[in-house]
């Protein structure tokens with residue numbers, strides 16, 4: 001074996017025993033590996049470490065299962081909300097299709113054209129003011145004045161009784 005070269009000087013002194021132990025523990029030296037079985041940590045045995053590892057794994061599985069269960073519940077709730085949204089959208093689309101069919105009819109087109117004064121020459125356009133009051137119940141053209149309706153005639157006594165005591169239909173007679 002060739003001689004070792006001299007060591008360079010260092011600022012930190014390293015004990016020679018540590019260097020020799022490092023070179024002696026190499027596999028070429030033939031020494032047996034160090035067993036840690038004899039070094040017990042205070043209060044920890046293999047049996048207790050096994051139980052602690054089993055408890056840790058059990059808790060981890062329970063927590064992960066609970067997380068997956070809550071995630072599945074949220075997904076189910078989201079699915080119900082999406083289904084309700086889809087049903088509302090289907091109803092809205094059906095209403096829009098009905099409206100499209102309506103506005104494509106000839107009657108609708110002619111009625112809208114009348115609003116712009118594009119009716120026939122025999123029509124007389126008119127407009128109702130925005131603040132106009134409603135018509136009276138006995139106005140011309142109202143159901144009470146149409147042909148074929150029977151006029152309810154009251155005697156003067158019945159008129160007085162209605163004025164004093166109210167109508168017979170209101171009292172339940």
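The values are calculated or read from the model by the stated rules, or taken from the named source; none is laboratory data. Just so it is clear, the structure is predicted and the values come from calculations on it, not from any experiment. Positions of Cβ are backbone-derived with ideal geometry, glycine not excepted, and every protein chain shown enters the neighbour counts.
So the values come out like this:
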item	result
Long-range neighbours under 8 Å by Cβ, at least six apart or interchain, first residue over 23 Å from residue 136 (Cβ atoms) within segment 146-173, second at pLDDT 75 or above and assigned to a helix (DSSP H, G or I)	168/162; 171/165
Residue 44 being in a loop (DSSP other than H, G, I, E, B) and at pLDDT below 65	no
The listed residue being outside any loop (DSSP other than H, G, I, E, B) and modelled with pLDDT of 95 or more, out of 17, 52, 91, 21	91
Some residue of segment 129-143 being assigned to a helix (DSSP H, G or I) and more than 34 Å from the chain's Cα centre (by Cα)	yes
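Yes or no, residue by residue, for (1) farther than 30 Å from residue 152 by Cα; (2) touching a helix residue (DSSP H, G or I) at 6+ places or on another chain (Cβ under 9 Å); (3) surrounded by 10 or more Cβ atoms within 10 Å (Cβ to Cβ):
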| site | (1), (2), (3) |
| --- | --- |
| 96 | yes, no, yes |
| 104 | yes, no, no |
| 111 | yes, no, yes |
| 117 | yes, no, no |
| 121 | yes, no, no |
| 127 | yes, no, no |
| 130 | yes, no, no |
| 133 | no, no, no |
| 140 | no, no, no |
